[in-house]
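The values are calculated or read from the model by the stated rules, or taken from the named source; none is laboratory data. Keep in mind it's a predicted model, so treat the numbers as computed, not measured. Please note: Cβ atoms are built from the backbone with ideal geometry, for glycine as well, and neighbour counts cover all protein chains shown.
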Ligand code: ADP
């Protein structure tokens, strides 16, 4: 903090300082509000599986040894909900870590080959048709390869989870940027949900997302990881026709 001699300042300067100070306080209080919401959403998301575990554990305590069907159902639910809690806490950790640009391990790597490997592994694991349209040659960019890969995984994982139709991955160069898009031919995302889709814990259909193990943290993580690289992730979706998520990344980190 620098000591400011107010007597030497003109009225205009003091007025400007006051306005800047007001603006700073407003931003701090907005951030504080957002943080409060986030903590409350996060505890709610963790409490839901915890309550399910709690009730099944009580059921087990009371009937487990006597009723094999209760034993089986309870253990199944406890394992599923524990996995869900583990996933949410891992994602929260990733989100917290991806706030810091210093955490990036920047190298030069071939994004075309990342796309080829990822598309191949998703098509094989999920037995889905995923087409790839990418330059034959290497497309070298600077960035944290594992974090860029993680963002692409999230987009592909969603396309696989939420749609049954074919998926198309496209990579192209545009000036000093690359555009990497994941397009699906699924049901798309309603217009009213599109502006919230990158919000933490936001899900279009909570029940459906829950049944596929979703927590509403995938897209915010993908966006934050790409923003750390001075890029962005955007959505273009037409309900009934499908969705296209596009990663835009600068070729060189400045
Ligand atoms: P989740 O863990 O629920 O998948 P995300 O943040 O990755 O969280 O996605 C948020 C929501 O956006 C999902 O719950 C789903 O409703 C919707 N969504 C994401 N990708 C798609 C897609 N390709 N098609 C339709 N809906 C999608």
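Just for segment 157-185: of the residues that are more than 13 Å from residue 129 (Cβ to Cβ) and within 10 Å of the ligand (Cβ to nearest atom), which one is surrounded by the fewest Cβ atoms within 10 Å (Cβ to Cβ)? So, considering only residues that are more than 13 Å from residue 129 (Cβ to Cβ) and within 10 Å of the ligand (Cβ to nearest atom), the one surrounded by the fewest Cβ atoms within 10 Å (Cβ to Cβ) is 161.
As a summary of the residue check, residue 154 satisfies the conditions (1) within 18 Å of the chain's Cα centre (by Cα); (2) more than 12 Å from the ligand (Cβ to nearest atom); (3) part of a helix (DSSP H, G or I) except for the one numbered (2).
For the subset of segment 192-212 comprising residues that are more than 7 Å from the ligand (Cβ to nearest atom) and touching a strand residue (DSSP E or B) at 6+ places or on another chain (Cβ under 8 Å), which member is farthest from residue 156 (Cα to Cα)? The qualifying residue farthest from residue 156 (Cα to Cα) is 194. Tallying residues that are surrounded by fewer than 17 Cβ atoms within 10 Å (Cβ to Cβ) and either without any contact (Cβ under 8 Å) to a residue 40 or more places away in the chain or part of a helix (DSSP H, G or I) (or both) within segment 205-254 yields 12. Looking for something at pLDDT 95 or above, under 23 Å from residue 45 (Cβ atoms) and near the ligand (Cβ under 8 Å from one of its atoms) - is there at least one such residue anywhere in segment 226-247? Yes, segment 226-247 contains a residue that is at pLDDT 95 or above, under 23 Å from residue 45 (Cβ atoms) and near the ligand (Cβ under 8 Å from one of its atoms).
Confirm whether residue 189 is near the ligand (Cβ under 9 Å from one of its atoms), in contact with a strand residue (DSSP E or B) (Cβ under 7 Å, 6 or more places away or on another chain) and either over 18 Å from residue 124 (Cβ atoms) or not in a strand (DSSP E or B) (or both). So residue 189 fits the description; yes.
Residue-wise test of (1) closer than 30 Å to residue 82 by Cα; (2) part of a helix (DSSP H, G or I); (3) without any contact (Cβ under 8 Å) to a residue 12 or more places away in the chain.
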site	(1), (2), (3)
17	no, yes, no
24	no, yes, yes
42	yes, yes, no
45	yes, yes, no
49	yes, yes, no
